[in-house]
Amino acid sequence: MSAGGSSVTLVFYRVGEKWWKEPTLNLVAAVCQWSPYTHVELAIGEAPGENGMMANVARVFNDSVGVELTQRTGKNPAYTYLSLGCSHAAEQAMLNFAAQQVGKPFSNLGMARSLVMPRISDGSSWFCAELVAAVLQRGGLLSRDSNPGAATPYSLYNMYSKQAAATANPYTLRGMSLSLGGTGAPGPVRRSE
């Protein structure tokens, strides 16, 4: 990204070839969406974490932790990455909003309703796509008229895959660039289909 901008990276989990080893919730999500994408997270900004990990990853799972801002390696081949440009002001707005959500619980009901009768997000609980959509909305990367409660991993993938600046993990790209003598800035790389 340029000196005047930043980026966010959507991180999508895809059901693998050994689908029978997947958690039941992943399989239900895949079948209901008619999509292999069953989970989404959002890495906010470009600052690397420890050992080059992706930092400020907003995510929520169906566990006792709820929403968290954490780090991830980005090395798992089951994940697809879509990087979008944004301003530093948008990055800060998204990061501030995500930090306010930390500890809020996962919503099974919200996730179940997202396809048939989406709820209006009230911020008391979240499912993965709803959280990511709400964070993107706060940064102006999703229309204010959109309902985060209607988001699914697949709908977010469809919405952003055609406008992504890079479709690979920017932290992995940065490491590859450095090893090849580059500047370390991620470039516009497209995956081959």
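Looking for something hydrophobic (A, V, I, L, M, F, W, C), open to solvent by 30 Å² or more (accessible area, probe 1.4 Å), in contact with a strand residue (DSSP E or B) (Cβ under 7 Å, 6 or more places away or on another chain) and at pLDDT below 90 - is there at least one such residue anywhere in the stretch 165-183?
Scanning the stretch 165-183 turns up at least one residue that is hydrophobic (A, V, I, L, M, F, W, C), open to solvent by 30 Å² or more (accessible area, probe 1.4 Å), in contact with a strand residue (DSSP E or B) (Cβ under 7 Å, 6 or more places away or on another chain) and at pLDDT below 90.
Among the residues of the stretch 28-49, what is the count of those that are open to solvent by 50 Å² or more (accessible area, probe 1.4 Å) and either under 27 Å from Val116 (Cβ atoms) or at pLDDT 85 or above (or both)?
Residues that pass the stated criteria total 4.
Would you point out which residue out of Ala99, Ala90, Ala150 is over 18 Å from Tyr37 (Cβ atoms), open to solvent by 40 Å² or more (accessible area, probe 1.4 Å) and touching a residue at least 12 places away in the same chain (Cβ under 8 Å)?
It is Ala99.
Which ranges mark the helices (runs of 4 or more DSSP H) fully within the stretch 87-153 that have 3 or more residues being modelled with pLDDT under 95?
Those helices (runs of 4 or more DSSP H) span 108-113.
What number of residues within the stretch 62-72 satisfy the criterion of being open to solvent by less than 70 Å² (accessible area, probe 1.4 Å) and farther than 14 Å from Ile44 by Cβ?
The total comes to 1.
Given the condition within 19 Å of Gln163 (Cβ to Cβ), open to solvent by 10 Å² or more (accessible area, probe 1.4 Å) and either acidic (Asp, Glu) or out of contact with any Pro (no Cβ under 7 Å at 6 or more places or on another chain) (or both), answer yes or no: does some residue in the stretch 104-124 qualify?
No, because not a single residue in the stretch 104-124 is within 19 Å of Gln163 (Cβ to Cβ), open to solvent by 10 Å² or more (accessible area, probe 1.4 Å) and either acidic (Asp, Glu) or out of contact with any Pro (no Cβ under 7 Å at 6 or more places or on another chain) (or both).
Given the criterion closer than 23 Å to Met159 by Cβ, touching a Gly at 6+ places or on another chain (Cβ under 7 Å) and of a type in the set (A, V, I, L, M), identify the matching residue among Val67, Val132, Val57, Val116.
Testing whether each residue is closer than 23 Å to Met159 by Cβ, touching a Gly at 6+ places or on another chain (Cβ under 7 Å) and of a type in the set (A, V, I, L, M) leaves just Val67.
In this structure, does Glu130 turn out to be within 14 Å of Ala43 (Cα to Cα), among the acidic types (Asp, Glu) and open to solvent by less than 70 Å² (accessible area, probe 1.4 Å)?
no
The values are calculated or read from the model by the stated rules, or taken from the named source; none is laboratory data. In this text the structure is predicted, and so the values were computed from the model without any measurement. Counting neighbours? That spans all protein chains shown, and the Cβs are built from the backbone with ideal geometry, glycine included. For the accessible areas, the whole protein counts, side chains as well, though only heavy atoms, and no ligand, DNA or RNA atoms are used. Shrake-Rupley method; radii C 1.70, N 1.55, O 1.52, S 1.80 Å.
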